[in-house]
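Here's the structure, in structure tokens; my notes come after.
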Amino acid sequence: MRNKLTKAIFPVAGLGTRFLPATKSVPKEIMTLVDRPLVQYAIDEARAAGIKEFIFVTSRGKGALEDYFDHAPQLEQELRKKGKDDLLEILKSTNMDSGEIAYTRQNKALGLGHAVWCARRLIGNEPFAVILPDDVICGDKPCLAQMVEAYNETGGNVVAAMEVPADKASAYGVLDIKEDRGKIVSTKGMVEKPAFGEAPSNLAVIGRYILTPTVLKMLNQKKTGAGGEIQLTDAIDAARDKGEEVYGVRFEGQRFDCGSKAGFLQATVAFALEREELRDELWGYISGLVNTAKAAE
Ligand code: G1P
């Protein structure tokens with residue numbers, strides 16, 4: 001029987017400089033898509049995949065994140081008094097129980113691999129998931145749950161994978177495919193941010209991982225890679241060199257790069273259009289814009 005996946009790491013230590021000045025005082029992960037912070041989407045996805053322990057790798061200035069997950073007794077009492085049960089329910093669904101959530105700090109910005117390594121003692125000798133909240137994925141079945149299904153079949157290390165245009169590959173970790181079985185691919189390598197024209201395929205890694213503790217051991221070596229940073233991609237590939245399997249899962253769903261402003265705005269529009277109470281008004285506005293632009297052509 002495979003070791004059950006119950007822990008997930010959320011690297012949230014980044015400065016979010018692309019969203020300055022907002023991120024001067026608001027952690028990027030608290031910025032909202034419609035009315036829910038970015039990080040809430042990641043938490044919900046993890047829960048849907050059976051995750052029970054949520055480990056946040058934070059940094060200075062991320063206090064608002066801890067407050068967000070805490071219970072808010074005064075606010076709850078106020079809503080109860082006013083009979084606002086629907087809001088009370090929404091609020092309660094964001095509360096995390098003590099012991100369910102842990103925070104550890106990354107005290108130097110040395111890269112994603114280093115951020116994951118900072119959580120090593122909280123992981124121990126178990127498989128674990130990593131979720132990058134910047135990558136928001138919507139679909140019928142949450143992405144991590146799709147990966148858990150694949151992992152139950154394959155074991156080893158499993159990463160989310162998506163086809164990207166050749167000229168975009170150098171922004172990602174890219175898989176070197178051994179065998180393409182359709183939904184699942186096995187790999188013989190993985191390259192972080194390949195130089196233009198040197199990507200081994202157009203199958204890019206998206207920010208969802210199910211990893212073995214061997215990856216943490218590889219991270220112990222603190223080797224620097226692309227951009228002079230300690231890369232998670234390199235540690236996963238090193239685990240493969242040691243004889244472990246690494247699989248890519250072509251997930252179903254739409255991915256938004258909420259690390260960029262354009263991606264964040266697209267996700268905002270997509271999620272807003274899914275809300276019944278917003279759809280008509282927003283759609284009317286967008287159609288109006290399109291019609292005006294067409295008339296001006
Ligand atoms: C990180 C990973 C990269 C992955 C990407 C997905 O890069 O290092 O392998 O393809 O996330 O979003 P970043 O976007 O942090 O540069």
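The values are calculated or read from the model by the stated rules, or taken from the named source; none is laboratory data. If you're wondering where the values come from, they're calculated on a predicted model, not measured in any experiment. Cβ atoms come from the backbone with ideal geometry, glycine included; neighbour counts cover every protein chain shown.
Some observations on this one:
- Candidates in segment 165-193 are the residues that are more than 19 Å from Ile230 (Cα to Cα) and among the β-branched types (Val, Ile, Thr); of these, the one that is nearest to the ligand (Cβ to nearest atom) is Thr187.
- Filter result for Gln266 (touching an Asp or Glu at 6+ places or on another chain (Cβ under 9 Å), modelled with pLDDT of 95 or more, within 16 Å of the ligand (Cβ to nearest atom) and more than 23 Å from Asn3 (Cα to Cα)): yes
Let's see how each residue does on (1) outside any strand (DSSP E or B); (2) under 17 Å from Pro213 (Cβ atoms); (3) modelled with pLDDT of 90 or more; (4) touching a Cys at 6+ places or on another chain (Cβ under 7 Å):
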{"residue": "Thr94", "(1), (2), (3), (4)": "yes, no, no, no"}
{"residue": "Leu110", "(1), (2), (3), (4)": "yes, no, yes, no"}
{"residue": "Val116", "(1), (2), (3), (4)": "yes, yes, yes, no"}
{"residue": "Asn125", "(1), (2), (3), (4)": "yes, yes, yes, no"}
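- Subset tally (residues that are surrounded by fewer than 20 Cβ atoms within 10 Å (Cβ to Cβ) and within 16 Å of the chain's Cα centre (by Cα)) for segment 31-55: 9
- Options Glu245, Glu277, Glu252; residue that is more than 25 Å from the chain's Cα centre (by Cα) and of a type in the set (Asp, Glu): Glu277
- Residue in segment 252-272 that is without any contact (Cβ under 8 Å) to a residue 12 or more places away in the chain, in a loop (DSSP other than H, G, I, E, B), under 24 Å from Glu192 (Cβ atoms) and among the small types (Gly, Ala, Ser) present: no
- Out of Cys138, Cys143, sole residue that is within 14 Å of the ligand (Cβ to nearest atom), in contact (Cβ under 8 Å) with a residue 40 or more places away in the chain and not aromatic (Phe, Trp, Tyr): Cys143
- Test: residue in segment 208-225 that is closer than 19 Å to Pro133 by Cα and either at pLDDT below 95 or within 10 Å of the ligand (Cβ to nearest atom) (or both): yes
- Contact annotation: no residue pair with Cβ atoms under 8 Å, 6 or more positions apart or on different chains, pairs a residue in segment 231-247 that is on the phi > 0 side of the Ramachandran plot with a partner that is polar (S, T, N, Q) and more than 11 Å from the ligand (Cβ to nearest atom).
- Residue list for segment 234-263, filter: over 28 Å from Leu33 (Cα atoms) and near the ligand (Cβ under 10 Å from one of its atoms): Asp234, Ile236
- Tally of residues being more than 24 Å from Phe54 (Cα to Cα), buried (at least 16 other Cβ atoms within 10 Å of the Cβ) and over 15 Å from the mean Cα position of the chain (by Cα) across segment 155-177: 7
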